[in-house]
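Chemist: Here's a structure for you.
The values are calculated or read from the model by the stated rules, or taken from the named source; none is laboratory data. It should be emphasised that the depicted structure is a prediction, and the values quoted were computed from it without experimental measurement. Every residue, glycine as well, gets a Cβ built from its backbone with ideal geometry; the counts of neighbours run over all protein chains shown. These area figures cover heavy atoms from the full protein model, side chains too; ligands, DNA and RNA do not enter into them. Shrake-Rupley method; radii C 1.70, N 1.55, O 1.52, S 1.80 Å.
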2 protein chains.
Amino acid sequence: VKDKPIGIFDSGLGGITVLRSLLEKFPNESFIYIGDLARLPYGNKSPDTIRKYGEQILNYLNKMGTKAVVIACNSASTVFLGEDSYNGIPLFNVIEPGANLAAKTTKNNKVAVMSTTATMKAHAYKKELLKCNPNLLVEEKATPLLVPLAEEGWLHEKITKDIIQKYLNEIELKFDTLILGCTHYPILRDDIKNCLSPDIMLIESGDALAINLDEKLKLLDLKSTDSNHRTIQILTTDLTEHFETLAHNLVKPYKINSFERITL
Amino acid sequence: VKDKPIGIFDSGLGGITVLRSLLEKFPNESFIYIGDLARLPYGNKSPDTIRKYGEQILNYLNKMGTKAVVIACNSASTVFLGEDSYNGIPLFNVIEPGANLAAKTTKNNKVAVMSTTATMKAHAYKKELLKCNPNLLVEEKATPLLVPLAEEGWLHEKITKDIIQKYLNEIELKFDTLILGCTHYPILRDDIKNCLSPDIMLIESGDALAINLDEKLKLLDLKSTDSNHRTIQILTTDLTEHFETLAHNLVKPYKINSFERITL
């Protein structure tokens, strides 16, 4: 079991930022990534539609024999919140670790969250943050243009800065900690940082998640000890060159072993 | 058969601009609109995935007894190009009428097309335009941020103007006619017009399509003569308040009779 791969999924490209973070932190682990490109994005869809898609992917990964699954998508994490396994396989979402880390990080007890519409409407981060510390003030802001901006690849452009600034201006709270509540947003990390004063802390889901995953794998004695045979497999429900190119760039210096198209 | 409804479909909101145009031009006709919100958008997906989704919708509309179907989505029109019926039901796409109208409109024989990535990659407009007039010069430009901008509702904003201007600046051709090659784009009509010199002609699919549809319905003796019982039904594969609100606004002054969720 120890040498089985870890499953990870997202609707599209965003989860690759989480994969990148895990590749660095778990040098012995193999990964199977599923990107549901045929139905992306999830962030503007309803909870039960997202749930249905998520379960189809989880069933697929379970059949492939993954030892644990990371939901590398905030919108999908929202509908699986509080569930720490699925059909017996340990399940990890990106919201709880991000909320925990933000609650520990903030000094003025004011936390802002940028996310998709689906994550915002579910108040997923707010609920988790208040569980950690009921005294926190939390403002959630849906920023739906950031996903297509990241996918378009308009990094370090004035328009990108203007859009981020417009969204930030609409947040009233004087936060000192900002959660990037969508796994696409780390692609725009530099542009977001440039719009913020340097004392504001940015919280990314991937980094926070890696700590939780490491603890749990140790606890369950599931950490791989084989450092020579890591594989990185990417499965998608649709294939586009654009996605392959961007995915290769995002995981650098690591190398993806295979891209394959699947039907769910 | 005459009093049966006309089917119309799109992945989401864009096709509502075509519906609006048809409601005005066909006061006696009833319409069933299907919006595939659970899998939107289509514009960044591969042709065979779009084809599969389109056929599922066409089969559904055929079962409901529509007398004709309008594909109110350029990305879906691309994969059904040249097919004038589906299982015996007359089929209309938005590309051929738009290309025909543009070919007739241009005076300097230079036509530009703004569209999604899927439509651009298929060169659907270019092929149709050159069929009409092989002397035309055509430049196609993918403008993927315009769909989420329209859905976000950022009309008459500086950022919207900047994004449109950036895309327009990347077109080299000195065109006198610009095709809005995505049914979402008429939502941004005013913003696009403001970025263009006033002598440039804008071609919208909905208007061009209405002329073709009218001719064909007359030819097949399928025009409804019942002016008292028009119904406008909207079916979607997902339901969100945001979509309902925007759809209601876009069809004004006409009134949608029902919204219903379906599974394809």
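Chemist: Name the one entry in B:67, B:52, B:45 that is within 13 Å of chain A (Cβ to nearest Cβ) and out of contact with any helix residue (DSSP H, G or I) (no Cβ under 7 Å at 6 or more places or on another chain).
Modeler: B:52
Chemist: A follow-up question, please. Can you tell me which residue is most open to solvent (accessible area, probe 1.4 Å) among those in region A:113-156 that are among the aliphatic types (A, V, I, L, M) and in a loop (DSSP other than H, G, I, E, B)?
Modeler: For region A:113-156, the residue satisfying everything is A:155.
Chemist: Evaluate region A:177-189: report whether one residue or more is assigned to a helix (DSSP H, G or I), closer than 15 Å to residue B:162 by Cβ, open to solvent by less than 20 Å² (accessible area, probe 1.4 Å) and not small (Gly, Ala, Ser).
Modeler: There is no residue in region A:177-189 that is assigned to a helix (DSSP H, G or I), closer than 15 Å to residue B:162 by Cβ, open to solvent by less than 20 Å² (accessible area, probe 1.4 Å) and not small (Gly, Ala, Ser).
Chemist: Would you check which residues across region B:98-112 are open to solvent by 10 Å² or more (accessible area, probe 1.4 Å) and within 24 Å of residue B:214 (Cα to Cα) and list them?
Modeler: Hits for region B:98-112 are B:100, B:101, B:103, B:104, B:105, B:106.
Chemist: Moving on to the next point. If you take the residues in region A:121-158 that are within 12 Å of chain B (Cβ to nearest Cβ) and either among the acidic types (Asp, Glu) or without any contact (Cβ under 8 Å) to a residue 24 or more places away in the chain (or both), which one is farthest from residue A:94 (Cα to Cα)?
Modeler: A:158
Chemist: For residues that are β-branched (Val, Ile, Thr) and part of a loop (DSSP other than H, G, I, E, B), scanning just region A:220-262, find the one that is most open to solvent (accessible area, probe 1.4 Å).
Modeler: Once the filter is applied, the top-ranked residue is A:225.
Chemist: All but one of (1) more than 18 Å from residue B:211 (Cα to Cα); (2) part of a helix (DSSP H, G or I) hold for residue B:24; state the number of the condition that does not hold.
Modeler: (1)
Chemist: May I pose another question? Count, please, the residues in region B:159-172 that happen to be facing chain A (nearest Cβ under 10 Å) and in contact with a Lys or Arg (Cβ under 7 Å, 6 or more places away or on another chain).
Modeler: Number of matching residues: 1.
Chemist: Considering every residue within region A:30-37, establish whether at least one is closer than 19 Å to residue A:258 by Cβ, in a loop (DSSP other than H, G, I, E, B) and open to solvent by less than 10 Å² (accessible area, probe 1.4 Å).
Modeler: The answer is yes; a qualifying residue exists.
Chemist: To continue, here is another question. Going through region B:218-264 one residue at a time, which ones are at pLDDT below 95, within 13 Å of chain A (Cβ to nearest Cβ) and touching a Lys or Arg at 6+ places or on another chain (Cβ under 7 Å)?
Modeler: Answer for region B:218-264, where residues must be at pLDDT below 95, within 13 Å of chain A (Cβ to nearest Cβ) and touching a Lys or Arg at 6+ places or on another chain (Cβ under 7 Å): B:238, B:239.
Chemist: Does region A:157-168 hold any residues that are open to solvent by less than 30 Å² (accessible area, probe 1.4 Å) and closer than 21 Å to residue B:147 by Cβ, and which are they?
Modeler: Listed by number, the residues that qualify are A:159, A:160, A:163, A:164, A:167.
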